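Remarks on the structure that follows.
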Amino acid sequence: MTAPEPITVRPATGEAEHRVIVAESFGVEVPTFQGEGPSCGHPALFIRLSRCNLTCAKCDTKYTWDWSRFDPRMESTKRSVADLVAWAASSPVELVVITGGEPLIQQSLLVPLVWGLLDAGKKVEFETNGTIAPIPELVLDGVQFNVSPKLASFGMDEAKSVVPAALEAFAASGRAVFKFVASSVADLDRIAELANAHRLAPVWVMPEGTTAEAVTATTQALADAVAARHWHFTTRLHVLAFADARGR
Ligand code: SF4
């Protein structure tokens, strides 16, 4: 599978004034790491966008979308692309993780942001639930998509969270890894079904848990079965190191 040719037409300068809905940004003032997936342990900056198109019961960032519990006026602000690029450029850290919520809800506004970050010498990883296919303007050298389809065991109706056309678009991009949250060995069977049906590779498995004890217990319960399938395995470093504190 070959990756699409990089886009060579850059957004007009004025698009740097576009504003995106942000929940929080962190990693400059208090340094941290990418906590999950292929770049786990790498120094990283985070831009967490507000809003999501799913409603997972086990979501640990409900302040990005659950307005029955949180006030969107308190939990989100509009920030210009220029402001976000300048914020990231103020740090020597190379990796910028754009997460959510579901960041690709705002993907047309993110084109100038991603271009600005790449021009500033950054690499970009999107954390996405895999329900929205990426527009070609975001499928670029220096950009990776960490795609996390949500299983029924995560408290989400798979009729909404598994979108075959979007998953296959990510797979065809050549710039995606597929990172599944799993809480039991039974989840691994469902992951295998999805990976086989939609040709998703490489597969990464991440243990569910928002405490060090839970992550450790699930890691130990899954390790042999993940290894037997020759899949990749990641921890949740921010949970182990920072007790899942917000802004770390
Ligand atoms: S897709 Fe992610 S951000 Fe959205 S509700 Fe599910 S866990 Fe939360």
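The values are calculated or read from the model by the stated rules, or taken from the named source; none is laboratory data. Just so we're clear, the structure is a prediction, and the values are computed from it rather than from any experiment. So basically every Cβ, Gly included, is an ideal-geometry build from the backbone, and we count neighbours across all protein chains shown. Ligands, DNA and RNA are excluded from the accessible area calculation, which covers all protein heavy atoms including side chains. Shrake-Rupley method; radii C 1.70, N 1.55, O 1.52, S 1.80 Å.
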Fill in: Test for Ser183: is it touching a strand residue (DSSP E or B) at 6+ places or on another chain (Cβ under 9 Å) and either within 30 Å of Pro136 (Cα to Cα) or open to solvent by 60 Å² or more (accessible area, probe 1.4 Å) (or both)
no
Worksheet item: Quick one: which of Pro72, Pro43 is under 17 Å from the mean Cα position of the chain (by Cα) and of a type outside the set (Ser, Thr, Tyr)?
Response: Pro43
Item to complete: Looking only at the range 218-231, decide whether some residue is open to solvent by 50 Å² or more (accessible area, probe 1.4 Å), touching a His at 6+ places or on another chain (Cβ under 7 Å) and more than 20 Å from Thr61 (Cα to Cα).
Response: no
Worksheet item: How many residues does the range 38-58 hold that are within 17 Å of Phe126 (Cα to Cα) and within 13 Å of the ligand (Cβ to nearest atom)?
Response: 7
Worksheet item: Looking at Gly130, is it surrounded by fewer than 22 Cβ atoms within 10 Å (Cβ to Cβ) and in contact with a helix residue (DSSP H, G or I) (Cβ under 6 Å, 6 or more places away or on another chain)?
Response: no
Worksheet item: Taking Ala166, is it open to solvent by less than 10 Å² (accessible area, probe 1.4 Å) and among the aliphatic types (A, V, I, L, M)?
Response: yes
Discussion item. Give me the residue from the range 59-75 that is in contact (Cβ under 8 Å) with a residue 24 or more places away in the chain and either more than 13 Å from the ligand (Cβ to nearest atom) or assigned to a helix (DSSP H, G or I) (or both) and, out of that set, least open to solvent (accessible area, probe 1.4 Å).
Written reply: Thr64
Worksheet entry | helices (runs of 4 or more DSSP H) lying entirely in the range 171-248 (those with 2 or more residues that are closer than 21 Å to Ala44 by Cβ) | 212-228, 237-242
Item to complete: Please state which one of Val93, Val85 is in contact with a Leu (Cβ under 7 Å, 6 or more places away or on another chain), surrounded by fewer than 24 Cβ atoms within 10 Å (Cβ to Cβ), in contact (Cβ under 8 Å) with a residue 60 or more places away in the chain and part of a loop (DSSP other than H, G, I, E, B).
Response: Val93
